[in-house]
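Read through the structure below, which is laid out as structure tokens, and then see the notes.
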Ligand SMILES: [Zn+2]
């Protein structure tokens, strides 16, 4: 396999291709001979699988993927059909995809598996890569009946005509044009796990605090992984789960330092109105909790930013705030 990497390096140098090589196949491609991922600029070669194959076959798959890298790097050197075909994927079952910006849009076409298989093997960019691989391996290893057979396997004798592909691509364009654009992602916290210095003490505190914020203690869960000295108490709510994690014994009793890189600085819970901040302040004070700052307006943050700050039983700072976020951050 060392030799394949050498040939890869030499080829990339000659062609000034700035790509990486990996033998670690991406998920879903464990059974493929190779693949080129343009987003990662990485050529993946299944060296474990290839080790069972004769050298000319290993080289065939290497040059096939190198050609794909080149197709992306220098599309201007390709014919129109090859260039256009690179935006489309056709599967055996008629599932088709078109690359739009950074995502693939899918649709399904009607037809037999045999028909889609012929379309799959005959894709102009695949034919281009296979013809290229055949040519390069022939130069390096000489022609042979086995090599011709391998090339014939990958290069269909009478692939669907170019016009047929253009018709299919137009059809895919039509069918995927109406596909609804995905809404812009909204960042949504699912859960936060905080390592505390004393789990039992923290649990007593959060048992009292979290119901004030809408948590149902009946949904609390306990779990542990003794070999990792790991215990967790998790409070669930449809909006956000909060987990308290035991420290490793070497750190138990340590106070948190919120200015240490990677540490949790503070967590703020938002409520619906300043009056709710005031109401919760009275309840939190009675928990009891150490109040850091009583409710007040912080116009330097936002004109209606009204909050108070306190510490949990472990010394982690928490905040309860009211503000109309949409006023300041419309997106
Ligand atoms: Zn290919």
Review point. Can you tell me which residues in region 47-76 are under 27 Å from residue 143 (Cβ atoms) and within 13 Å of the ligand (Cβ to nearest atom)?
Key: 60, 61, 62, 63, 64, 65, 66, 67, 68, 69, 70, 71
Exercise for review: Output the residues belonging to region 96-107 that are under 18 Å from residue 124 (Cα atoms) and either outside the structural domain of residue 128 (by TED's automatic domain parsing) or modelled with pLDDT of 90 or more (or both).
Suggested key: 96, 97, 98
Study note, to complete from the structure: Going through region 77-104 in order, the residues found to be outside any strand (DSSP E or B) and more than 19 Å from residue 131 (Cβ to Cβ) are 87, 91, 92, 93, 94, 101, 102
Practice item. Give the residues of region 287-302 that are loosely packed, with under 13 Cβ neighbours inside 10 Å and touching a helix residue (DSSP H, G or I) at 6+ places or on another chain (Cβ under 9 Å), sorted by residue number. Key: 294
Exercise for review: Within region 234-247, work out how many residues are over 23 Å from residue 308 (Cα atoms) and loosely packed, with under 12 Cβ neighbours inside 10 Å.
Suggested key: 1
Check your understanding: What is the one condition in (1) surrounded by fewer than 18 Cβ atoms within 10 Å (Cβ to Cβ); (2) over 26 Å from the mean Cα position of the chain (by Cα) that residue 58 does not satisfy?
Key -> (1)
Exercise for review: Output the number of the condition that residue 29 fails; it satisfies all remaining conditions of (1) surrounded by 14 or more Cβ atoms within 10 Å (Cβ to Cβ); (2) under 21 Å from the mean Cα position of the chain (by Cα); (3) within 12 Å of the ligand (Cβ to nearest atom).
Suggested key: (1)
Practice item. Take region 299-331 and flag every residue that is part of a loop (DSSP other than H, G, I, E, B) and more than 17 Å from residue 267 (Cβ to Cβ). Key: 299, 300, 302, 303, 304, 324, 329, 330, 331
Study note, to complete from the structure: residue 278 meets each of (1) surrounded by 14 or more Cβ atoms within 10 Å (Cβ to Cβ); (2) over 33 Å from the mean Cα position of the chain (by Cα); (3) assigned to a strand (DSSP E or B) with one exception, condition (3)
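Got a number for residues in region 199-231 being assigned to a strand (DSSP E or B) and under 18 Å from residue 249 (Cα atoms)?
Looking only at that region, the number is 5.
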Revision key, fill the gap. How many residues of region 32-46 are away from the ligand (no atom under 11 Å from the Cβ) and surrounded by fewer than 16 Cβ atoms within 10 Å (Cβ to Cβ)? The answer is 4
**Study point:** Verdict on residue 85 being within 30 Å of the chain's Cα centre (by Cα) and under 22 Å from residue 170 (Cβ atoms)
**Key:** yes
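The values are calculated or read from the model by the stated rules, or taken from the named source; none is laboratory data. As the structure is a computational prediction, the values presented were derived from the model and not from experiment. For neighbour counting, all protein chains shown are included, and Cβ atoms are generated from backbone atoms with ideal geometry for every residue, glycine included.
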